[in-house]
Amino acid sequence: MPQNLLNTAIRDMQQALEACRACAPALERWVSLTVEVFRSGHKVLLCGNGGSHAQAQHLAVEYTVRFKKDRPPLPAVALSSDPAYLTAHTNDMGFEGVFARQVEALGEPGDLLVALSTSGRSANVLRAIETARRRGLHTVFLTGPDPARVAADLVIPVPVQGTARIQEVHLFLGHVWVDAVEARLGYR
């Protein structure tokens, strides 16, 4: 049985990665925007729930530590990574505004918010995007195949089904994103 599950997962992942080719133009715009943000002295904020939050943390670390090569740190922050903030905000103000509040506190015009949601319908993620746009931040929405309508600068709907495959593709695209940004900034 595990072998059958493994074979099925490999087949599904291969199909998901092939479907990623459709994301190439959006990925190019995402990379260019991020390079512009870093070159102008701004930062990247990332947010998401559950597994998407873990990926937001992972990608922020790729910038603040390194990806492939030692280089100066690049400013990136995963929102709501502080349990004290998360529990205080949720207890006192609810969960829907948990990311938007940090965008208000930390985001500055010219920064970039990268929001991840496999469903494309997470209310707190959508609200963070709206808040970021109002405050003059650039916005990228990395999502699944059928997201809610949102006024992000760039929406990247991954054309695959199933939360696990979408999350795996998000991380894959995130690694390509970081790799390409490092290369464009001359860290090769």
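The values are calculated or read from the model by the stated rules, or taken from the named source; none is laboratory data. These numbers were taken from a predicted model, which means no experiment stands behind them. Neighbour counts are summed over all protein chains in view; Cβ atoms, including those assigned to glycine, are modelled from backbone coordinates with ideal geometry.
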Filter the range 139-154 for residues that are touching a residue at least 40 places away in the same chain (Cβ under 8 Å) and in a strand (DSSP E or B); which is nearest to residue 124 (Cα to Cα)? 140
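What is the residue count in the range 157-188 for residues that are acidic (Asp, Glu) and surrounded by fewer than 20 Cβ atoms within 10 Å (Cβ to Cβ)?
1
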Residues that are of a type outside the set (A, V, I, L, M) and in contact (Cβ under 8 Å) with a residue 40 or more places away in the chain, drawn from the range 54-78: 55, 58, 62, 63, 67, 68, 69, 71
Check 113, 126, 137 and return the single one that is more than 24 Å from residue 39 (Cα to Cα), modelled with pLDDT of 95 or more and among the aliphatic types (A, V, I, L, M). 126
Checked the range 47-98 for anything polar (S, T, N, Q) and at pLDDT 95 or above; matches are 49, 52, 55, 57, 64
Could you run through the range 82-108 and say how many residues are under 18 Å from the mean Cα position of the chain (by Cα) and among the polar types (S, T, N, Q)? 1
Find the helices (runs of 4 or more DSSP H) located wholly in the range 25-133 whose residues include 2 or more that are in contact with a Phe, Trp or Tyr (Cβ under 7 Å, 6 or more places away or on another chain) and either buried (at least 23 other Cβ atoms within 10 Å of the Cβ) or of a type in the set (Phe, Trp, Tyr) (or both), and list them. none
